[in-house]
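Questions regarding the structure given below will be posed in turn.
Every number here is computed from the coordinates shown, using simple stated rules; none is lab data. Source: prediction; values computed, not measured. Because the Cβ atoms are built from the backbone with ideal geometry, glycine has one as well, and the counts that use them run over all protein chains shown.
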Amino acid sequence: MYDFLHKKVKETISITDEEFEYAKTLFIPKKLRKKRFLLEDGEPCIYTTFVEKGLLRSFTVDDKGNEHILQFAMQGWWVADLYSFLTGEASDYNIEALEDSELLLITKDSWDLLLKEVPAFERYFRILIQNNLIATQRRLMGTMSTTAEERYLKLLEHFPDISQRVPQHMIASYIGVTRETLSRLRSQLY
């Protein structure tokens, strides 16, 4: 179950087999069925999670009951409410499986131990957090400065199979438009 994590880590940093074997002892394997929650808002986020297989989404629900999707987490991605994970405070997010998923969870204490005992992992997570910050900034600027069509096409460019794996209303939420707007956009494009 750790093969994909091992592959992704080695793509980013140099790590020995012994270091990775130690790291494996700190993770908790978990299978999560479709439509089940890994995290619900109001709870503290006690794990950061690597997706070995499957697809999850991170989202909030506003006062009017509208969902706002922050992230789709596919195979090879990490998902968590990082603020809640690091502080122990209640999360504002929900994390739900959109497909049956196989996950590797690590608690804050185990994460801290991993960073201490295997310094290469500190570099690994620093790189991931840097890349996440850059992607978040680009997405925010894209939301402010591009059209819905451009955002939709960019999503399809980066994730060509997303429309087969995710309902259209969730894609609409992710790019910041209504279902109707996405439907019109799709009919104009195809």
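Compute the separation of the alpha-carbon centres of the range 1-80 and the range 152-190 and state it in Å as a whole number.
After rounding, the separation between the Cα centres reads 23 Å.
Go ahead and estimate [θ] at 222 nm for the chain from helices alone: -39,500 (n - 2.57) per DSSP H run with n ≥ 4, summed, over the residue count, rounded to 500.
-15000 deg cm²/dmol
Counting only C-alpha contacts under 8 Å and six or more residues apart, can you give the relative contact order of the range 1-151 as a whole percent? Intermediate results must be reported in sequence, preceding the final value.
On the way: 254 pairs, mean separation 45.1, N = 151.
Worked out over the range 1-151, it gives 30 percent.
Placing +1 on the Cβ of each Lys and Arg and -1 on the Cβ of each Asp and Glu in the range 1-66, which of G54, F20, V9 has its Cα farthest towards the positive end of the resulting dipole?
G54
Turning to a different aspect of this structure: Which lysines, on any chain, are close to K31 with Cα under 30 Å apart, when same-chain ones fewer than 8 places away are left out?
Straight-line reach from K31, under 30 Å: K7, K8, K10, K53, K108, K116.
Something else: Note the angle between two axes, namely the Cα long axis of helix 3-12 and the longest principal axis of the Cα atoms of the chain, as a number of degrees from 0 to 90, rounded to the nearest 10.
Between helix and principal axis, roughly 90 degrees.
Let me spell out the model: positive unit charges on the Cβ of Lys and Arg, negative unit charges on the Cβ of Asp and Glu, origin at the Cα centre of the chain. What dipole size does that give, in debye rounded to 20? Before the final figure, lay out the partial values.
Numbers: 25 positive and 29 negative charges, 128 e Å.
Using only the charged Cβ atoms, the result is roughly 620 debye.
Additional query: Within the range 45-63, list the residues whose amide N lies under 19 Å from a label point set 7 Å along Cα→Cβ of Q164.
53-56
Which semi-axis lengths, in whole Å and largest first, follow from the square roots of five times the eigenvalues of the Cα gyration tensor of the range 22-139? Intermediate values should be presented prior to the final figure.
Details: eigenvalues 106, 54, 40 Å².
Output for the range 22-139: semi-axes of 23, 16, 14 Å.
Set the Förster distance to 25 Å, then compute FRET efficiency between Y83 and S183 from the Cβ-Cβ distance, nearest 0.05. All intermediate terms of the calculation are to be shown ahead of the outcome.
Values: r = 34 Å, r/R0 = 1.37.
Efficiency for this residue pair is about 0.15.
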